[in-house]
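Since the structure comes first, as structure tokens, the remarks are kept for the end.
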Amino acid sequence: MEVIAQRPKSLRDIQFTYCPGCTHGISHRLIAESIDELGLRNKMMGVAPVGCSVFAYKFFNFDMAEAAHGRAPALATGMKRARPEMHVFTYQGDGDLAAIGTAEIIHAANRGEHISVFFVNNAIYGMTGGQMAPTTLPGMKTSTSPYGRDEKDIGYPITACEMLSSLKAPYFIERVSLLSPKEIIKAKKVVKKSLQFNKENRGFTFVEFVSTCPTNWGLDPIKARDWARENMFPYFPVKNFRDKSLNGGE
Amino acid sequence: MGEKVLMKGNEAVAEAAIRAGCRLYFAYPITPQSELIEYMSRMMPKVNGTFVQAESEIAAINMVYGAAGCGKRVMTSSSSPGISLKMEGISYIAGAELPAVIINVQRGGPGLGDIQPAQGDYFQATKGGGHGDYRLIVLAPSTVQEFADMAGSAFELADKYRNPVMILSDGLLGQMMEPVDFKPHKTEEELEELGKQHYDWCMHPNEDEPNHHHHEINSLEIDPLVLEKHVIHLGEKYDEIEKNEIRYEEYNISDDNDVLVVAFGTAARIVKSAIDELQEEGKSVGMIRPITVWPYPYKAIADRITSKIKKVVVFELNLGQMVEDVKLAVNGKIPVEFLGKVGGILFTPEEAKTKILENI
Ligand SMILES: Cc1ncc(C[n+]2csc(CCOP(=O)(O)OP(=O)(O)O)c2C)c(N)n1
Ligand code: SF4
């Protein structure tokens, strides 16, 4: 019998803790498949964040560390410096990376740490029950912006790729989306490319996933997908921001 | 070995840490510990080690967390305000049971305080500081030599118990120069041994099936029954540390003592001169100087409360923090007197002498 689909070796045989229709599981799978295909599993370490993906340290099938909220890039710095022969990634939500962990991500990127960061932007705090995130869209209602995010009062959503693109050191920065099979196939290529660069120790790579949180958006997965397309794409354009492998490297 | 080098405490402890096999150091500058980070920035590249000036003390301690998870000897240092920022990370490191060394070159507080020596972080170091049920092993030096020697013992204790260890120093010991005798560098073989000692739990390169390992560096246990077990296990470990690792110095202790003094670190150093002078004047004063301020030498103090001793006098560079532990040890048997200086001001040997004489 020919096996046409199976769990990547880089994922353990454990049930995900994510809601139906959540895109966290898809991002995990893209990362795991890429690590398998690049033959990196035996030299991989990952850092899980605080957020819905806090249990990512159980899901991936190699050594994993669980960071304090926002501190994953600092942990990853320590890990990569301690074991330069290995490869390190962090997996972080928008509250984790763009609010409490803003200093850590900017400085890890600015040092050009040889790590890969995977950033799940679902415009909300999933784990704590749908509070406003630094990426919550103007006018968007959440449990702590019940009248809609008022950008005059609390500012505009933070665009992480654009912000990090202002730094010189990062090697690769791209925003992808996970809203249809076609986009997922495209995202996989980007994830794999960033991990390929990681394998070659080229520098800091950053991939942002435009994701959904059907549960806290109060929408079913199909409507959530449409909502993201309509509302997130204009603010968070899906595109490459930096690729130093082009133009003959740096 | 043999040849003493005149060095500042901050530099001596950094050199000793490198000799003890520390090859990873992450920190953020702050007075009065900046010579330490500067020394590391000079010396780490020379031993193929890692030096990173982090963006904050929070980032530095979390870099330590990551490197400690890889089972390597790793250290950070700071002074009081920076140590407060490290408390989050220290709690995680204790929860995840990782070996790491943290140096606090204390200055005056609270808040920004000043940059003079103080002992105001005793509570923070010995009673928690970060959240949750955990203990730091805390070593308190009183000379530059001892400060340097503690680097090696701190790493050994951290490795032995998989627990963070703090060296609770202060601006005086950090800044003053004294002759120091260093232990030799670890050999390549010793370093390799050290690197492998934690392979059964730390993050390190993997092999293929069936030996593929999945190690989790983690302090999260969402199931209360599992967390309960984990915290009970930590408690048992702390009991073990209290049983094995209490260290203190007895200074001029004898059955002739009229008064017992308790002081640690720089305060103890000053009191020693007072005790010597009093001895020459025919007054016998003994001192217990806790070297581990956690675990605390309660019994050593309690055992010295003989019928001849009428009072215990405690000296600290704070409003009175360790004195609470002394009172626990004395358990109300005799009065416990206290002299403290704050704001980064030191008491003089004369002031110490006067205080002791008042209580003879
Ligand atoms: C220091 C600290 N502050 C707050 C929290 C509570 N907390 C847990 S997850 C979270 C938000 C996570 O949101 P995000 O990063 O967007 O991830 P998501 O859950 O949406 O995947 C917060 C505030 C915490 N665990 N630690
Ligand atoms: S709350 Fe949202 S982000 Fe979290 S698992 Fe559910 S759908 Fe996913």
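Listed values, structure above:
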{"quantity": "Amide H contacts of A:ARG12 (H built 1.01 Å from N, under 5 Å, at least 5 apart or other chain)", "calculated": "A:PHE60, A:ASN61"}
{"quantity": "Mean separation of Cα contacts under 8 Å (6+ apart) over length of chain A, as relative contact order %", "calculated": "19"}
{"quantity": "Exposure proxy ranking, count of Cβ atoms within 10 Å, fewest first, for B:LEU173, A:LEU246", "calculated": "A:LEU246, B:LEU173"}
{"quantity": "Prolate/oblate/rounded label for region B:248-360 (Cα gyration tensor, a/c 1.5)", "calculated": "rounded"}
{"quantity": "Chain A: antiparallel DSSP beta bridges as a percent of all, rounded to 5", "calculated": "20"}
{"quantity": "For region B:97-167, size of Cβ-based charge dipole, Lys and Arg +1, Asp and Glu -1, in debye", "calculated": "140"}
{"quantity": "Theoretical ellipticity at 222 nm over chain A - DSSP helices of four or more residues, -39500 (n - 2.57) apiece, nearest 500", "calculated": "-9000 deg cm²/dmol"}
{"quantity": "Rough spin-label spacing in nm, given labels placed 7 Å along Cα→Cβ, for B:ALA302 and A:ASP153", "calculated": "5.8"}
{"quantity": "Sites B:ILE360 and B:GLN197, calculated FRET efficiency, Cβ-Cβ separation with R0 56 Å, nearest 0.05", "calculated": "0.65"}
{"quantity": "Ranked list, fewest to most other Cβ atoms within 10 Å of each Cβ, for A:ARG83, A:ARG12, B:ARG73, B:ARG42", "calculated": "B:ARG42, A:ARG12, A:ARG83, B:ARG73"}
{"quantity": "Note, ³J(HN,Hα) from phi for region B:47-61, Karplus 6.51, -1.76, 1.60, rounded to Hz, x at Gly and Pro", "calculated": "10, 6, x, 10, 10, 10, 7, 6, 6, 6, 5, 5, 5, 4, 5"}
{"quantity": "Rounded FRET efficiency, nearest 0.05, which uses the C-beta distance separating A:SER143 from A:ILE185 and R0 of 35 Å", "calculated": "0.55"}
{"quantity": "Interatomic Cα distance distribution for the protein assembly as shown, bins of 20 angstrom, percent", "calculated": "19, 46, 26, 8, 0"}
{"quantity": "Karplus (6.51, -1.76, 1.60) ³J(HN,Hα), θ = phi - 60°, over region A:123-137, in Hz, Gly and Pro reported as x", "calculated": "6, 7, 8, x, 4, 8, x, x, 7, 5, 10, x, 9, 4, 6"}
{"quantity": "Within region B:263-292, backbone nitrogen closer than 17 Å to the virtual label 7 Å beyond the Cα of B:GLU351 toward Cβ", "calculated": "B:263-275"}
{"quantity": "Max mean-square fluctuation residue, GNM over chain B, Cα-Cα springs under 10 Å, options B:VAL313, B:VAL293, B:VAL74", "calculated": "B:VAL313"}
{"quantity": "Cα-based shape type of region A:136-250, given that a ≥ b ≥ c are square roots of the gyration tensor eigenvalues and the cut on a/c is 1.5", "calculated": "oblate"}
{"quantity": "Distant-in-sequence amide H partners of A:GLY70 (H built 1.01 Å from N, under 5 Å)", "calculated": "A:VAL50"}
{"quantity": "A:GLN131-B:ASN244 FRET efficiency (beta carbon distance; Förster radius 35 Å; 0.05 resolution)", "calculated": "0.15"}
{"quantity": "GNM result for chain A, Cα springs below 10 Å: residue of A:PRO170, A:PRO134, A:PRO84 fluctuating most strongly", "calculated": "A:PRO84"}
{"quantity": "Gaussian network model of chain B, Cα within-10 Å springs - most flexible of B:ASP159, B:ASP276, B:ASP256", "calculated": "B:ASP256"}
{"quantity": "Cα gyration tensor, region B:5-180 - rounded (a/c under 1.5), prolate or oblate", "calculated": "rounded"}
{"quantity": "Under-5 Å amide H pairs with B:LYS311, H placed in peptide plane, nonlocal only", "calculated": "B:LEU260"}
{"quantity": "J(HN,Hα) series, region B:127-144, from Karplus relation 6.51 cos²θ - 1.76 cosθ + 1.60, nearest Hz, glycine and proline x", "calculated": "10, x, x, x, 8, x, 7, 8, 10, 9, 7, 10, 9, 10, x, 10, 9, 5"}
{"quantity": "Among beta bridges that DSSP assigns inside region B:249-357, antiparallel share in %, nearest 5", "calculated": "20"}
{"quantity": "Set A:LYS9/B:LYS72; B:LYS127/B:LYS308; A:LYS80/B:LYS8; B:LYS8/B:LYS272; A:LYS244/B:LYS46; A:LYS80/A:LYS168 screened for pairs whose C-alpha atoms are more than 23 Å apart", "calculated": "A:LYS9/B:LYS72; B:LYS127/B:LYS308; A:LYS80/B:LYS8; A:LYS244/B:LYS46"}
{"quantity": "Ascending count of other beta-carbon atoms within 10 Å, so fewest first, for B:TYR199, B:TYR134, A:TYR18, B:TYR25", "calculated": "B:TYR199, A:TYR18, B:TYR134, B:TYR25"}
{"quantity": "Computed helical MRE - 222 nm, chain B, DSSP H runs ≥ 4 contributing -39500 (n - 2.57), nearest 500", "calculated": "-12500 deg cm²/dmol"}
{"quantity": "Region B:5-180 - share of DSSP beta bridges that are antiparallel (%, nearest 5)", "calculated": "20"}
{"quantity": "Over 28 Å between alpha carbons, listed pairs B:LYS160/B:LYS183; B:LYS86/B:LYS333; A:LYS58/A:LYS193", "calculated": "B:LYS86/B:LYS333"}
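Readers should treat all values here as calculations from the given coordinates under stated rules, not as data from a laboratory. Just so you know, these numbers come straight off a predicted model, no measurement behind them. Here the Cβ is made from the backbone with ideal geometry for all residues, glycine too, and neighbour counts use every protein chain on show.
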